[in-house]
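Okay, so here's the structure we're looking at.
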Amino acid sequence: MDILHLLHMQNKLIPEMFAKFNSRYALLLTIKVNQPIGRKTLLNFVDMTERQLRTECEVLSKLGLIIKKTTGMSITEKGEELLSEIKDSLVNDAFAEEKKLLRKHFSVKEVHIIAGDFINNEGTREEMTELLLDKVNEKITKECVIGVSGGSTMYYVTSKTDETFGYGKDVTITPLRGGLSVVNTEYQANNIASKMARNSGNNYQLLHAPDNLGQKALDELKKEPVVKNALDVISKTSIIIHSIGNAFEMAYRRKSSKEILKVLEEKKAVCESFGSYFDESGSEVFKTSTIGMSFKDVNGIDNVFTIVGGEDKADAVFSYLNTKPANMTLIIDEAICKKIINKVNKKKIGGLFKNDS
(Lines give C-alpha, C1' and ligand atoms only; values in the text may rest on other atoms or scores of the structure.)
Protein backbone atom coordinates (compact mmCIF):
# COMPACT_ATOMS: atom_id res chain seq x y z
CA MET A 1 0.00 0.00 0.00
CA ASP A 2 1.53 3.35 -1.02
CA ILE A 3 1.59 6.36 1.25
CA LEU A 4 -1.10 8.29 -0.64
CA HIS A 5 -3.57 5.39 -0.48
CA LEU A 6 -2.84 4.97 3.23
CA LEU A 7 -3.45 8.67 3.79
CA HIS A 8 -6.80 8.53 1.96
CA MET A 9 -7.90 5.65 4.21
CA GLN A 10 -6.74 7.48 7.31
CA ASN A 11 -8.55 10.59 6.10
CA LYS A 12 -11.88 8.75 6.45
CA LEU A 13 -11.18 8.29 10.16
CA ILE A 14 -9.14 11.44 10.85
CA PRO A 15 -10.20 14.11 8.29
CA GLU A 16 -7.58 16.63 9.34
CA MET A 17 -4.69 14.20 8.86
CA PHE A 18 -4.24 14.71 5.12
CA ALA A 19 -4.05 18.49 5.46
CA LYS A 20 -1.67 18.16 8.43
CA PHE A 21 0.58 15.77 6.49
CA ASN A 22 0.76 18.14 3.51
CA SER A 23 1.42 21.12 5.75
CA ARG A 24 4.29 19.49 7.65
CA TYR A 25 5.75 17.93 4.52
CA ALA A 26 5.76 21.34 2.80
CA LEU A 27 7.28 22.97 5.89
CA LEU A 28 10.03 20.37 6.14
CA LEU A 29 10.80 20.74 2.44
CA THR A 30 10.90 24.54 2.75
CA ILE A 31 13.36 24.35 5.62
CA LYS A 32 15.56 21.99 3.61
CA VAL A 33 15.63 24.28 0.56
CA ASN A 34 16.37 27.43 2.58
CA GLN A 35 18.47 26.09 5.48
CA PRO A 36 19.70 27.46 7.74
CA ILE A 37 16.64 29.66 8.11
CA GLY A 38 15.20 31.67 10.98
CA ARG A 39 11.52 31.51 11.94
CA LYS A 40 10.78 35.10 10.89
CA THR A 41 12.24 34.51 7.43
CA LEU A 42 10.41 31.17 7.19
CA LEU A 43 7.11 33.00 7.73
CA ASN A 44 7.50 34.51 4.26
CA PHE A 45 7.42 31.05 2.68
CA VAL A 46 4.50 29.41 4.50
CA ASP A 47 0.81 30.12 4.97
CA MET A 48 0.84 30.13 8.80
CA THR A 49 0.63 32.58 11.65
CA GLU A 50 3.74 33.10 13.76
CA ARG A 51 2.16 31.11 16.57
CA GLN A 52 1.26 28.18 14.28
CA LEU A 53 4.74 28.15 12.78
CA ARG A 54 6.37 28.15 16.21
CA THR A 55 4.22 25.18 17.27
CA GLU A 56 4.89 23.22 14.07
CA CYS A 57 8.64 23.83 14.24
CA GLU A 58 8.62 22.66 17.85
CA VAL A 59 6.91 19.44 16.79
CA LEU A 60 9.40 18.83 13.97
CA SER A 61 12.25 19.48 16.39
CA LYS A 62 10.90 17.03 18.99
CA LEU A 63 10.49 14.42 16.24
CA GLY A 64 14.17 14.87 15.43
CA LEU A 65 13.48 16.05 11.88
CA ILE A 66 15.01 19.52 12.25
CA ILE A 67 17.60 21.10 14.50
CA LYS A 68 17.52 24.65 15.84
CA LYS A 69 20.74 26.68 16.05
CA THR A 70 21.59 30.36 16.46
CA THR A 71 22.09 30.57 12.67
CA GLY A 72 18.61 29.18 12.06
CA MET A 73 16.82 25.87 11.54
CA SER A 74 18.23 23.04 9.46
CA ILE A 75 17.00 19.60 8.51
CA THR A 76 18.56 16.59 10.26
CA GLU A 77 19.72 13.32 8.67
CA LYS A 78 16.51 11.73 9.95
CA GLY A 79 14.53 14.50 8.25
CA GLU A 80 16.42 13.98 4.99
CA GLU A 81 15.65 10.26 5.09
CA LEU A 82 11.94 10.92 5.69
CA LEU A 83 11.73 13.37 2.77
CA SER A 84 13.46 10.83 0.56
CA GLU A 85 11.01 8.10 1.61
CA ILE A 86 8.03 10.34 0.93
CA LYS A 87 9.41 11.34 -2.46
CA ASP A 88 10.00 7.70 -3.41
CA SER A 89 6.46 6.80 -2.34
CA LEU A 90 4.97 9.63 -4.34
CA VAL A 91 7.01 8.74 -7.41
CA ASN A 92 6.33 5.00 -7.11
CA ASP A 93 3.00 5.26 -8.90
CA ALA A 94 1.48 2.52 -11.08
CA PHE A 95 0.42 5.23 -13.54
CA ALA A 96 3.53 7.42 -13.31
CA GLU A 97 4.38 7.14 -17.02
CA GLU A 98 0.79 7.71 -18.12
CA LYS A 99 0.50 10.79 -15.91
CA LYS A 100 3.73 12.20 -17.28
CA LEU A 101 2.62 11.59 -20.87
CA LEU A 102 -0.79 13.22 -20.39
CA ARG A 103 0.64 16.24 -18.55
CA LYS A 104 3.20 16.86 -21.25
CA HIS A 105 1.00 16.13 -24.27
CA PHE A 106 -1.96 18.24 -23.14
CA SER A 107 -0.06 20.88 -21.11
CA VAL A 108 -2.19 20.44 -17.98
CA LYS A 109 -1.12 21.29 -14.44
CA GLU A 110 -1.75 17.93 -12.74
CA VAL A 111 -3.05 14.48 -13.68
CA HIS A 112 -4.24 11.85 -11.22
CA ILE A 113 -5.29 8.37 -12.33
CA ILE A 114 -7.18 5.97 -10.09
CA ALA A 115 -7.26 2.23 -10.78
CA GLY A 116 -10.56 0.74 -11.92
CA ASP A 117 -13.72 2.08 -13.52
CA PHE A 118 -15.76 4.90 -11.99
CA ILE A 119 -19.03 3.53 -13.37
CA ASN A 120 -18.65 -0.06 -12.23
CA ASN A 121 -16.50 0.19 -9.12
CA GLU A 122 -17.65 1.94 -5.95
CA GLY A 123 -14.09 1.83 -4.57
CA THR A 124 -12.83 3.73 -7.61
CA ARG A 125 -15.62 6.29 -7.26
CA GLU A 126 -14.84 6.85 -3.59
CA GLU A 127 -11.09 7.11 -4.11
CA MET A 128 -11.44 9.59 -6.98
CA THR A 129 -13.86 11.70 -4.96
CA GLU A 130 -11.75 11.64 -1.81
CA LEU A 131 -8.70 12.68 -3.81
CA LEU A 132 -10.66 15.51 -5.42
CA LEU A 133 -11.95 16.84 -2.10
CA ASP A 134 -8.48 16.58 -0.54
CA LYS A 135 -6.90 18.47 -3.45
CA VAL A 136 -9.56 21.21 -3.35
CA ASN A 137 -9.20 21.52 0.43
CA GLU A 138 -5.51 22.30 -0.03
CA LYS A 139 -6.41 25.33 -2.15
CA ILE A 140 -9.28 26.75 -0.07
CA THR A 141 -8.35 30.09 1.46
CA LYS A 142 -9.92 31.86 4.45
CA GLU A 143 -12.46 33.56 2.18
CA CYS A 144 -13.19 31.51 -0.89
CA VAL A 145 -15.84 31.18 -3.62
CA ILE A 146 -16.05 27.74 -5.21
CA GLY A 147 -17.88 27.38 -8.52
CA VAL A 148 -19.45 24.02 -9.41
CA SER A 149 -21.02 22.50 -12.50
CA GLY A 150 -23.93 20.08 -12.65
CA GLY A 151 -24.11 16.46 -13.78
CA SER A 152 -24.28 12.95 -12.36
CA THR A 153 -20.58 12.85 -11.42
CA MET A 154 -20.86 16.09 -9.48
CA TYR A 155 -23.99 14.74 -7.82
CA TYR A 156 -21.93 11.80 -6.54
CA VAL A 157 -19.16 14.14 -5.34
CA THR A 158 -21.79 16.10 -3.42
CA SER A 159 -22.98 12.96 -1.65
CA LYS A 160 -19.46 12.41 -0.28
CA THR A 161 -18.87 15.99 0.85
CA ASP A 162 -18.95 16.50 4.61
CA GLU A 163 -18.07 19.10 7.25
CA THR A 164 -14.32 18.58 6.72
CA PHE A 165 -14.66 20.34 3.34
CA GLY A 166 -13.54 23.94 3.86
CA TYR A 167 -13.61 23.45 7.63
CA GLY A 168 -12.94 26.68 9.50
CA LYS A 169 -12.97 28.78 6.31
CA ASP A 170 -15.49 31.28 4.95
CA VAL A 171 -16.57 29.33 1.87
CA THR A 172 -19.37 30.14 -0.57
CA ILE A 173 -20.37 27.54 -3.16
CA THR A 174 -22.07 28.73 -6.32
CA PRO A 175 -23.26 27.26 -9.62
CA LEU A 176 -21.14 28.52 -12.50
CA ARG A 177 -23.98 28.89 -14.97
CA GLY A 178 -27.75 29.07 -15.20
CA GLY A 179 -29.80 25.91 -14.71
CA LEU A 180 -30.41 23.34 -17.41
CA SER A 181 -33.90 22.76 -18.76
CA VAL A 182 -34.02 19.15 -17.64
CA VAL A 183 -36.54 16.94 -15.90
CA ASN A 184 -33.99 15.54 -13.43
CA THR A 185 -33.30 18.71 -11.44
CA GLU A 186 -31.10 16.94 -8.87
CA TYR A 187 -28.25 17.06 -11.39
CA GLN A 188 -28.55 20.82 -11.95
CA ALA A 189 -25.69 23.02 -10.78
CA ASN A 190 -28.00 24.92 -8.40
CA ASN A 191 -28.88 21.70 -6.61
CA ILE A 192 -25.24 20.56 -6.55
CA ALA A 193 -24.12 23.87 -5.02
CA SER A 194 -26.83 23.94 -2.33
CA LYS A 195 -26.38 20.29 -1.33
CA MET A 196 -22.60 20.53 -1.25
CA ALA A 197 -22.88 23.62 0.95
CA ARG A 198 -25.41 22.04 3.30
CA ASN A 199 -23.38 18.83 3.62
CA SER A 200 -20.23 20.78 4.47
CA GLY A 201 -21.82 23.57 6.52
CA ASN A 202 -20.78 26.28 4.07
CA ASN A 203 -22.66 29.13 2.38
CA TYR A 204 -24.18 28.95 -1.08
CA GLN A 205 -25.50 31.29 -3.76
CA LEU A 206 -27.97 30.16 -6.45
CA LEU A 207 -28.40 31.33 -10.03
CA HIS A 208 -31.82 30.93 -11.61
CA ALA A 209 -31.42 31.46 -15.35
CA PRO A 210 -32.52 29.02 -18.07
CA ASP A 211 -30.48 28.04 -21.12
CA ASN A 212 -30.99 29.15 -24.71
CA LEU A 213 -32.59 32.53 -24.04
CA GLY A 214 -32.32 35.23 -26.67
CA GLN A 215 -29.70 37.94 -26.16
CA LYS A 216 -32.34 40.57 -25.39
CA ALA A 217 -33.92 38.40 -22.70
CA LEU A 218 -30.49 37.64 -21.23
CA ASP A 219 -29.61 41.33 -21.03
CA GLU A 220 -32.87 42.06 -19.20
CA LEU A 221 -32.35 39.16 -16.82
CA LYS A 222 -28.90 40.43 -15.87
CA LYS A 223 -30.51 43.63 -14.59
CA GLU A 224 -32.55 41.75 -11.98
CA PRO A 225 -31.07 42.36 -8.46
CA VAL A 226 -31.05 38.65 -7.53
CA VAL A 227 -29.29 37.66 -10.76
CA LYS A 228 -26.93 40.62 -10.52
CA ASN A 229 -25.92 39.59 -7.01
CA ALA A 230 -25.40 35.97 -8.10
CA LEU A 231 -23.18 37.05 -10.99
CA ASP A 232 -21.15 39.22 -8.60
CA VAL A 233 -20.48 36.15 -6.40
CA ILE A 234 -19.57 34.03 -9.45
CA SER A 235 -17.07 36.69 -10.58
CA LYS A 236 -15.15 36.11 -7.31
CA THR A 237 -14.70 32.39 -7.99
CA SER A 238 -11.15 31.20 -7.28
CA ILE A 239 -11.74 27.42 -7.43
CA ILE A 240 -13.79 25.46 -9.95
CA ILE A 241 -14.99 21.87 -9.62
CA HIS A 242 -16.58 20.39 -12.70
CA SER A 243 -16.97 17.38 -14.92
CA ILE A 244 -17.13 16.90 -18.68
CA GLY A 245 -20.11 15.64 -20.67
CA ASN A 246 -20.63 13.94 -24.01
CA ALA A 247 -21.82 16.55 -26.50
CA PHE A 248 -25.11 15.02 -27.60
CA GLU A 249 -26.01 13.70 -24.16
CA MET A 250 -25.74 17.26 -22.83
CA ALA A 251 -27.54 18.73 -25.84
CA TYR A 252 -30.51 16.41 -25.25
CA ARG A 253 -30.50 17.27 -21.55
CA ARG A 254 -30.68 20.92 -22.47
CA LYS A 255 -33.63 20.13 -24.77
CA SER A 256 -31.73 21.76 -27.61
CA SER A 257 -33.62 22.49 -30.82
CA LYS A 258 -33.34 20.38 -33.96
CA GLU A 259 -31.39 23.23 -35.55
CA ILE A 260 -28.76 23.16 -32.77
CA LEU A 261 -28.51 19.38 -32.90
CA LYS A 262 -27.94 19.62 -36.64
CA VAL A 263 -25.12 22.13 -36.14
CA LEU A 264 -23.48 19.89 -33.52
CA GLU A 265 -23.74 16.92 -35.86
CA GLU A 266 -22.34 18.81 -38.85
CA LYS A 267 -19.45 20.18 -36.83
CA LYS A 268 -18.79 16.81 -35.19
CA ALA A 269 -19.14 17.97 -31.59
CA VAL A 270 -17.69 15.51 -29.09
CA CYS A 271 -17.80 17.11 -25.65
CA GLU A 272 -19.51 19.88 -23.69
CA SER A 273 -18.27 21.92 -20.76
CA PHE A 274 -19.18 25.38 -19.43
CA GLY A 275 -21.87 25.68 -22.10
CA SER A 276 -19.41 25.24 -24.98
CA TYR A 277 -19.22 22.31 -27.38
CA PHE A 278 -15.90 21.07 -28.80
CA ASP A 279 -14.86 18.75 -31.61
CA GLU A 280 -12.19 16.07 -31.25
CA SER A 281 -9.36 18.55 -31.86
CA GLY A 282 -10.58 20.81 -29.05
CA SER A 283 -11.98 23.55 -31.27
CA GLU A 284 -15.12 25.27 -29.97
CA VAL A 285 -17.90 24.55 -32.49
CA PHE A 286 -20.93 25.95 -30.64
CA LYS A 287 -21.76 27.92 -27.50
CA THR A 288 -25.09 28.04 -25.66
CA SER A 289 -26.54 31.38 -24.64
CA THR A 290 -26.99 31.56 -20.90
CA ILE A 291 -25.87 33.56 -17.88
CA GLY A 292 -22.77 32.76 -15.87
CA MET A 293 -19.17 31.74 -16.44
CA SER A 294 -18.11 30.82 -19.95
CA PHE A 295 -15.29 28.60 -21.17
CA LYS A 296 -13.24 31.74 -21.87
CA ASP A 297 -13.77 32.97 -18.28
CA VAL A 298 -12.55 29.64 -16.89
CA ASN A 299 -9.12 30.22 -18.42
CA GLY A 300 -8.62 33.04 -15.92
CA ILE A 301 -9.13 30.80 -12.85
CA ASP A 302 -5.95 29.36 -11.34
CA ASN A 303 -7.45 26.23 -9.77
CA VAL A 304 -9.76 24.18 -11.97
CA PHE A 305 -10.47 20.63 -10.78
CA THR A 306 -11.92 18.24 -13.35
CA ILE A 307 -13.25 14.84 -12.31
CA VAL A 308 -14.46 12.38 -14.95
CA GLY A 309 -14.98 8.63 -14.91
CA GLY A 310 -16.24 5.86 -17.14
CA GLU A 311 -14.91 4.58 -20.45
CA ASP A 312 -17.78 6.16 -22.39
CA LYS A 313 -16.48 9.62 -21.41
CA ALA A 314 -12.99 9.03 -22.86
CA ASP A 315 -13.69 10.72 -26.21
CA ALA A 316 -15.18 13.74 -24.43
CA VAL A 317 -12.18 14.03 -22.11
CA PHE A 318 -9.77 13.70 -25.04
CA SER A 319 -11.63 16.47 -26.86
CA TYR A 320 -11.55 18.80 -23.83
CA LEU A 321 -7.86 18.09 -23.13
CA ASN A 322 -7.09 19.22 -26.67
CA THR A 323 -8.14 22.74 -25.61
CA LYS A 324 -4.86 22.69 -23.60
CA PRO A 325 -6.33 23.69 -20.20
CA ALA A 326 -3.11 24.68 -18.41
CA ASN A 327 -4.94 25.44 -15.13
CA MET A 328 -6.53 21.99 -14.87
CA THR A 329 -6.02 19.35 -12.21
CA LEU A 330 -7.46 16.27 -13.90
CA ILE A 331 -8.75 13.26 -11.96
CA ILE A 332 -9.74 10.29 -14.13
CA ASP A 333 -10.08 6.54 -13.80
CA GLU A 334 -7.98 3.82 -15.39
CA ALA A 335 -10.70 3.09 -17.96
CA ILE A 336 -10.55 6.62 -19.41
CA CYS A 337 -6.76 6.74 -19.13
CA LYS A 338 -6.27 3.64 -21.31
CA LYS A 339 -8.48 4.96 -24.10
CA ILE A 340 -6.89 8.40 -24.10
CA ILE A 341 -3.36 6.96 -24.14
CA ASN A 342 -4.37 4.82 -27.14
CA LYS A 343 -5.76 7.87 -28.95
CA VAL A 344 -2.59 9.87 -28.21
CA ASN A 345 -0.38 7.07 -29.49
CA LYS A 346 -2.48 6.68 -32.66
CA LYS A 347 -2.18 10.41 -33.32
CA LYS A 348 1.60 10.19 -32.91
CA ILE A 349 1.86 7.22 -35.26
CA GLY A 350 -0.42 8.93 -37.77
CA GLY A 351 1.79 12.01 -37.58
CA LEU A 352 4.91 9.97 -38.28
CA PHE A 353 3.40 8.38 -41.39
CA LYS A 354 2.20 11.80 -42.53
CA ASN A 355 5.70 13.22 -42.16
CA ASP A 356 7.24 10.25 -44.02
CA SER A 357 4.96 10.85 -46.98
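Here are some notes:
- Subtracting the Cα-Cα distance of T76 and E280 from their residue separation scaled by 0.36 nm leaves 68.3 nm.
- Once you divide the Cα radius of gyration of region 264-351 by 2.2 N^0.38 Å, the number left is 1.11.
- Listed residue (V108, N199, A94) projecting farthest to the positive dipole end of the chain, Cβ model: V108
- Shape call, region 202-319: gyration tensor on alpha carbons, a/c limit 1.5: oblate
- Working from Cα pairs under 8 Å separated by at least six residues, relative contact order for region 26-140 is 18 percent.
- Restricting region 69-177 to GluC sites (Glu not before Pro) that sit in a DSSP loop and have at most 14 other Cβ atoms within 10 Å of their own Cβ leaves E163.
- The order of I67, I340 by accessible area, most exposed first and with a 1.4 Å probe, is I67, I340.
- Per residue, the chain reaches -15500 deg cm²/dmol at 222 nm when only DSSP H runs of four or more residues are counted, each adding -39500 (n - 2.57).
- Of K268, K222, the residue with the largest accessible area leads and the full order is K268, K222 (1.4 Å probe).
- Each part gets one Cα centre, and for region 112-153 versus region 228-261 those centres are 19 Å apart.
The values are calculated or read from the model by the stated rules, or taken from the named source; none is laboratory data. No experiment lies behind these values; they were computed from the predicted model shown. Heads up, the Cβs are rebuilt from the backbone with ideal geometry, glycines too, and the neighbour counts pull from every protein chain shown. These area figures cover heavy atoms from the full protein model, side chains too; ligands, DNA and RNA do not enter into them. Shrake-Rupley method; radii C 1.70, N 1.55, O 1.52, S 1.80 Å.
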